[in-house]
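Each remark here refers to the structure printed beneath this line.
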Amino acid sequence: MKIAMIGTGYVGLVTGVCLSDFGHEVVCVDKNCAKIETLRKGEVPIYEPGLDSVMQRNMDSGRLTFTTDIAAAVAGAQAVFIAVGTPSRRGDGHADLSYVMAAAEDVARTLTGYAVIVTKSTVPVGTNRKVAEVIRNARPDAEFDVASNPEFLREGAAIEDFMRPDRIVVGVETDRARAVMGDIYRPLFLRDFPIVYTGLETAEMIKYAANAFLATKITFINEIAALCERVGADVKSVAKGMGLDGRIGNKFLHAGPGYGGSCFPKDTSALARIGQEHGVPQRITETVIEINEAVKRRMVDKVLDLCDGSFNGKKIAILGVTFKPNTDDMRSAPSLTIVPAMIGGGARVHVVDPQGQREGAALLPGVAWETDPYQAVADAHAVVVLTEWNEFRALDLGRMARSMAEPRMADLRNIYDRGEAMAAGFQQYEAVGR
């Protein structure tokens, strides 16, 4: 099957590459000429483990190509995926659908026969019907169906998530569209991965509800962590005790500096806005958003206390600034709140992150970038663990402590043990909820 993928951002690129690995002919199209040239050279513009090798394999086979010519991409395609950005709109938090609608108009002008127009972007409820309306208005003679196919990819594990998904959600309204979507995902169906067929609105809502619920779990355990610190409990043991209950599960119950990334912040904001517009306020989600921002500020206060109430003139080493490990994504990362607060307080901040500098250099002006954790902590007055990269999990704590001006650690990801840190020579060790 020929498939056109509109957009080569994170979702579009991963989806296009993986669908080509299923054996489909996939043409990825983007208006960004420089990005397309980069991709044609076999270079991946994002950091996603394993993506480069899968992409190269399918480029070599001829199943995967890249172009700026949308007409050539859409011509003869049986499915056209729209995978463009839907960032939060300034001022109201609603998803900005301008890129989606522009893509729909472009597709309408270039359709050469029947195709299923698949919205892969995360969009508010009702968007797929608007996409259909845009196409009908632009091309009354066009023969098409629309489908909603939300993505559930974890950055850093996207290939595995696509190839071994918990479920595939497909919103369709006709048997013809269902048959096309079934053919696209046939390799997964044959391996017994569940495909959930729903209506358009239900598929759109599943995506927002899932992300809001996961964000709620993170925020819940972060609130419990704050209480644990006051009453002398250990949040890691609390989370373990909770997670062993099959009704709760242990995923997303890890206390830390708050959630970030490309999905949770904008999707919770969009869901809250959808609820307000329909007169059904999503009060839990609204509270989650508020608490998550408070958690980041609480982390600033925790480090400030570690520094005796002042950042001024002190060197602080930061281990990790991306919102999670195994990605270069800095969108809404807690570091974007925490690090500027330190710099604003007069601190000299030295950062180590295996992939964060490419985006972080522009987002965190005033920091010094290091490649060696031990060099970063030399003569530092505090070290702060912000992202739990594997590279940071087994550092020589004694070597770190001996090289620091004041051996103090704020372990905001709970990757070390207090007793271990103190035995290694740290004077102070602060974790989250312990």
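Every read-out reported here was derived from the displayed coordinates using simple, explicitly stated rules and does not represent laboratory data. This one's a predicted model, so the numbers in the text were calculated from it and none came from an experiment. Methodologically, a virtual Cβ is constructed for each residue, glycine included, from the backbone with ideal geometry; neighbour enumeration extends over all protein chains shown.
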Per-residue Cβ contact counts at 10 Å, fewest first, order 26, 125 as 125, 26
Taking the alpha-carbon distance from residue 120 and a cut-off under 21 Å, which lysines remain once sequence neighbours fewer than 8 residues away in the same chain are dropped? 2, 31, 35, 130, 207, 266
Looking at the chain only, what percent of DSSP beta bridges run antiparallel? Nearest 5 please. 5 percent
In Å and whole numbers, how far do the C-alpha atoms of the stretch 91-137 stretch along each principal axis, longest first? 39, 17, 15
With no solvent and one equal point scatterer per Cα, compute the Debye intensity ratio I(q)/I(0) for the chain at 0.07, 0.09, 0.14 Å⁻¹ and report its log10, rounded to two decimals. -0.39, -0.63, -1.26
Could you let me know the centre-to-centre spacing of the stretch 260-278 and the stretch 309-357, using Cα atoms, in angstrom? 26 Å
Cα axis of helix 264-277 to longest principal axis of the chain: angle in degrees, 0 to 90, nearest 10? 60 degrees
As a test of understanding, state the convex hull volume per residue of the stretch 223-369 from its alpha carbons, in Å³. 141 Å³
Can you give me the distance in nm between label points at residue 89 and residue 43, each placed 7 Å from the Cα along the Cα-to-Cβ direction? 3.7 nm
Grab the eigenvalues of the alpha-carbon gyration tensor for the stretch 324-376, scale each by 5, take roots, and send me the semi-axes largest first in whole angstrom. 17, 15, 9
If you average 1/r across every pair of different Cα atoms in the stretch 386-434 and take the reciprocal, what Kirkwood value do you get, in Å? 10.9 Å
For the stretch 2-198, alpha-carbon Rg over 2.2 N^0.38 Å: 0.96
Label-reachable residues, the stretch 219-234, where backbone N falls under 16 Å from a point 7 Å from residue 244's Cα toward its Cβ: 234
In the stretch 47-90, which trypsin sites (Lys or Arg not before Pro) fall in coil by DSSP and have 16 or fewer other Cβ atoms within 10 Å? 89, 90
Just to be sure I understand: with springs between alpha-carbon atoms less than 10 Å apart, which residue in 108, 421, 361 has the highest mean-square fluctuation in the Gaussian network model of the chain? 361
Once both label points are put 7 Å beyond Cα along the C-beta direction, the residue 53-residue 68 separation in nm becomes 3.3 nm
Taking the Cα atoms only, what angle lies between the long axis of helix 335-344 and the longest principal axis of the chain, rounded to 10 degrees? 40 degrees
For the stretch 76-188, just say rounded, prolate or oblate: build the C-alpha gyration tensor, square-root its eigenvalues into a ≥ b ≥ c, call rounded for a/c under 1.5, and beyond that prolate if a/b exceeds b/c, oblate if not. oblate
Name the most mobile residue of 38, 216, 110, meaning the one with the largest mean-square fluctuation, in a Gaussian network model of the chain with Cα contacts below 10 Å. 38
Using only DSSP helix segments of four residues or longer, with each worth -39500 (n - 2.57), what per-residue ellipticity at 222 nm results for the chain after dividing by its residue count and rounding to 500? -13500 deg cm²/dmol
Order of 35, 251, 240 from fewest to most other C-beta atoms within 10 Å? 251, 240, 35
Share of antiparallel DSSP beta bridges in the stretch 95-227, in percent to the nearest 5? 10 percent
What translational diffusion coefficient, in µm²/s and rounded to a whole number, does the Stokes-Einstein relation yield for the stretch 202-287 at 10 °C and a viscosity of 1.306 mPa s, taking the hydrodynamic radius as the Kirkwood radius over Cα pairs? 114 µm²/s
With respect to the cross-link table entries 251/296; 251/324; 251/302, which display a Cα-Cα separation exceeding 18 Å? 251/296; 251/302
Give me 266, 302 ranked fewest to most by other Cβ atoms within 10 Å of their Cβ, as a rough exposure proxy. 302, 266
Taking +1 at the Cβ of each Lys and Arg and -1 at the Cβ of each Asp and Glu, which of 44, 323, 85 sits farthest along the dipole of the chain towards its positive end, judged by Cα position relative to the Cα centre? 323
What does the charge dipole of the stretch 200-434 about its Cα centre add up to, to the nearest 20 debye, if the Cβ of each Lys and Arg holds +1 and the Cβ of each Asp and Glu holds -1? 220 debye
